[in-house]
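What follows is a set of notes on a single structure, which appears directly below.
The values are calculated or read from the model by the stated rules, or taken from the named source; none is laboratory data. These numbers come from a predicted model, not from an experiment. Please note: Cβ atoms are built from the backbone with ideal geometry, for glycine as well, and neighbour counts cover all protein chains shown. Just so you know, the surface numbers come from the protein's heavy atoms only, side chains and all, with ligands and any DNA or RNA stripped out. Shrake-Rupley method; radii C 1.70, N 1.55, O 1.52, S 1.80 Å.
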Amino acid sequence: MTAYEELIKEADQKGCIVVERDLTANDGLIVGKRIGIRKSIQTEAQKADVLAEEIAHYESSCGNILNQSISLNRQQELRARLIAYDKRIGLSGLIRAYEHGCQTFFDVSEYLGVQESFLREAIDCYKRKYGTATKYEDYIVCFEPRMAIIRRLTKGELK
């Protein structure tokens, strides 16, 4: 099952209906429990990225937030994007990609099945959330001066 199909299943479990439509202004849109995905999106990865964000809007947003000149709407948009990034990538995904030997953004995006632009936006978002680096399980995930994953040695490994 593809990530897109898994997300359709997740949406269904939440009581949402996903339909592919001829949207013109956005790649995705949610109204109530109906999620529209632009029919002309070419890749499964992009469809999954968009659907993850629309599910996140269902979980975290309220009302019409299309007008991004309103501060509260921008906050809801950012919250939904962070949820989508965590759903599709997360720090654990970055570490899995590192363990798999991925070294470039392209490699990581291919391994995780996300668009490279979505990955770069996620990294920027994580940078704002965590700062230059953060600890996660047995790793340090660095965002500055460039993206890097460092496995932390345990006390037993120091001998």
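Flag: L153 does not match the condition of being buried (at least 17 other Cβ atoms within 10 Å of the Cβ) and farther than 29 Å from R34 by Cα. Applying the set (1) β-branched (V, I, T); (2) under 21 Å from R128 (Cβ atoms); (3) open to solvent by less than 30 Å² (accessible area, probe 1.4 Å) to I55 leaves exactly one unmet item: (2). Taking region 59-75 as the range and being within 18 Å of A25 (Cβ to Cβ), open to solvent by less than 70 Å² (accessible area, probe 1.4 Å) and assigned to a helix (DSSP H, G or I) as the test, only N73 passes.
The requirement of being aliphatic (A, V, I, L, M), in contact with a Ser or Thr (Cβ under 9 Å, 6 or more places away or on another chain) and either open to solvent by less than 70 Å² (accessible area, probe 1.4 Å) or in a helix (DSSP H, G or I) (or both) is not satisfied by L29. Tallying residues that are part of a loop (DSSP other than H, G, I, E, B) and either buried (at least 17 other Cβ atoms within 10 Å of the Cβ) or without any contact (Cβ under 8 Å) to a residue 24 or more places away in the chain (or both) within region 1-25 yields 7.
Of the residues in region 77-92, at least one is out of contact with any Gly (no Cβ under 9 Å at 6 or more places or on another chain), at pLDDT below 95, open to solvent by 10 Å² or more (accessible area, probe 1.4 Å) and over 21 Å from Y136 (Cα atoms). Only one entry in G113, G131 is within 25 Å of Q46 (Cβ to Cβ) and open to solvent by less than 60 Å² (accessible area, probe 1.4 Å), namely G113. Would you mind stating whether G101 is on the phi > 0 side of the Ramachandran plot, modelled with pLDDT under 95 and either assigned to a helix (DSSP H, G or I) or open to solvent by 30 Å² or more (accessible area, probe 1.4 Å) (or both)? Here the answer is no, as G101 does not meet what is asked.
Within region 79-111, being free of Cβ contacts under 8 Å to residues at least 12 places away in the same chain, among the small types (G, A, S) and within 18 Å of G131 (Cα to Cα) holds for one residue alone: G90.
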